[in-house]
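The values are calculated or read from the model by the stated rules, or taken from the named source; none is laboratory data. Keep in mind the model is a prediction, meaning the values are calculated, not measured. As a convention, Cβ positions derive from the backbone with ideal geometry for all residues, glycine included, and neighbour counts pool all protein chains shown. Note: accessible area is taken over every heavy atom of the protein model, side chains too, but ligands, DNA and RNA are not part of it. Shrake-Rupley method; radii C 1.70, N 1.55, O 1.52, S 1.80 Å.
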Amino acid sequence: MSEPPRLFDRALHRKRLDRAARDYSQADFLKRRAAEDVAERLEAIMRDFPLAVDLSARTGAFREALAGSAAAARIGTLIEADLSPAMLGGRAGPRVALDEERLPFAPESLDLVVSTLGLHWTNDVVGALIQARMALKPDGLFIGAFLGGATLTELRQSLVGAEAEILGGAGSRVSPFADTTDAAGLLQRAGFALPVADVDRVSVTYDHPLKLLYDLRRMGETSVLAERHPKKLTRALMGRAFEIYAERFAGGDGRVPATFEIITLTGWAPHESQQKPLKPGSAKMRLADALGTVEHRVPGAR
C-alpha cells in the first residue's frame, strides 16, 4: 500500500509542543472545553472502562475534567499519552510519550480511547483511527475531538487577501482541517460501529489579530505544513493581513473574532451484541400502514 501524503512535519510539531508546554495552561481554553465535553458524554454511558488512554493529553485537561465528573468512578486506569514529553511532565500517573500515528498498544487491550484536539495534526486521520479501533476491545469506545474546516477562517481569508494584493497570488499558510460533512465517514472508513459526529463552533474575540497568533503559539497550534510556503511572512504582509482582518471582521467594539470548529466523533469497536441495520426487504410492516396514510402508486412505476 502507498504511504499517505505527508501534509505535516511531525518532528516540527513535537518541537512546537515542547516549546509551548511551559505556557500552555495560559491558552488551553479550547482543550479544556473539548475535554469537559468528552467527560460529559461519558457520564451518560452507564458502563465501566477498566483501562483507558487519553491521546494528545497535553497538560492533563481530560484527567482534570474527569476528576470532577460523575463518570470518574467508572474509569479505572487512565494512561495519558502525548507526542510531546514536555507536555506530560510535572504530574503523577501513568504517562507515555508516543506518536498518534504509531500507537504501541496491543490489539484489543483497551476499553476506552479518547483524543482531544490532536488528530487534525496527523497525516493519515483514518489510519490513526484504525489503530485506535484495533487497540480497543470489542465493544470498546472511542471519543475524539479535532478542529474542523471553519477553524481560523478569518485569519485564512485575511492572509489570502494580503498575499493577493502584495504578491499577486496566495499559497497555504494555515493548516487544512477536515470538513464537517466528512466527519462521520472517517469513523466508518476506520471500521467503527454506530458512528456519530457533531460540531461545536466557538468564537473568541481579541483586541488585535496579533493576540490570536500569540495564543496559537502558546497552544502549539501554529502551522507545521511539510511543504513550506515559498515566500516568508514579511512585516508588510502581516501588517496588511491585520488591516484586512479588522476591516472585514471587527465588531462594533473594534475587537476581532476567531472561529474554532470542534468536531467530536464517537464510535464503538464492532461487537456482535451491537444493534445492526435491518436487511432491505425485512420490514414486517409497510411504511404507509405505520404512518396511517394511503399509498398511491406512481404511474409507470413497478
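Return the residues of region 167-218 that are of a type outside the set (A, V, I, L, M, F, W, C) and under 18 Å from R33 (Cα atoms); say none if nothing qualifies.
D198, D200, R201, S203, T205, D215, R218
Any idea which of (1) touching a residue at least 40 places away in the same chain (Cβ under 8 Å); (2) closer than 30 Å to D111 by Cα; (3) exposed (fewer than 14 other Cβ atoms within 10 Å of the Cβ); (4) within 26 Å of the chain's Cα centre (by Cα) is the one S273 doesn't satisfy?
For S273, the failing item is (4).
Scan region 110-152 residue by residue and report those that are more than 18 Å from A269 (Cα to Cα), in a helix (DSSP H, G or I) and not hydrophobic (A, V, I, L, M, F, W, C).
Once the filter is applied, which keeps residues that are more than 18 Å from A269 (Cα to Cα), in a helix (DSSP H, G or I) and not hydrophobic (A, V, I, L, M, F, W, C), region 110-152 yields only H120.
When you look at T222, is it modelled with pLDDT of 90 or more and of a type outside the set (A, V, I, L, M), yes or no?
Considered against the rule, which asks whether it is modelled with pLDDT of 90 or more and of a type outside the set (A, V, I, L, M), T222 comes out as yes.
Using the structure shown, decide if E165 is free of Cβ contacts under 8 Å to residues at least 40 places away in the same chain, among the charged types (D, E, K, R) and open to solvent by 30 Å² or more (accessible area, probe 1.4 Å).
no
It is to be established whether one or more residues within region 208-221 are of a type in the set (K, R), closer than 27 Å to R14 by Cα, open to solvent by less than 50 Å² (accessible area, probe 1.4 Å) and in a helix (DSSP H, G or I).
Looking for residues that are of a type in the set (K, R), closer than 27 Å to R14 by Cα, open to solvent by less than 50 Å² (accessible area, probe 1.4 Å) and in a helix (DSSP H, G or I), one finds at least one in region 208-221, hence yes.
Which of (1) out of contact with any strand residue (DSSP E or B) (no Cβ under 7 Å at 6 or more places or on another chain); (2) open to solvent by less than 40 Å² (accessible area, probe 1.4 Å); (3) of a type in the set (D, E); (4) more than 30 Å from T205 (Cα to Cα) is the odd one out, the single condition D124 does not satisfy?
Result: D124 passes all but (2).
Taking strands (runs of 3 or more DSSP E) that fall entirely within region 1-98, which contain at least 3 residues that are open to solvent by 40 Å² or more (accessible area, probe 1.4 Å)?
95-97
So in region 168-212, with the set limited to residues that are in contact (Cβ under 8 Å) with a residue 12 or more places away in the chain, among the β-branched types (V, I, T) and out of contact with any Lys or Arg (no Cβ under 6 Å at 6 or more places or on another chain), which one is farthest from D139 (Cα to Cα)?
Ranking the qualifying residues of region 168-212, first place goes to V204.
Looking only at region 124-146, which residues are over 20 Å from R47 (Cα atoms) and among the β-branched types (V, I, T)?
V125, V126, I130
Find all pairs meeting these conditions: Cβ atoms under 8 angstrom apart; at least six residues apart or on different chains; first residue within region 1-25 and under 15 Å from L88 (Cβ atoms) and at pLDDT 95 or above; second residue surrounded by fewer than 18 Cβ atoms within 10 Å (Cβ to Cβ) and among the charged types (D, E, K, R).
Pairs found: A20/R217.
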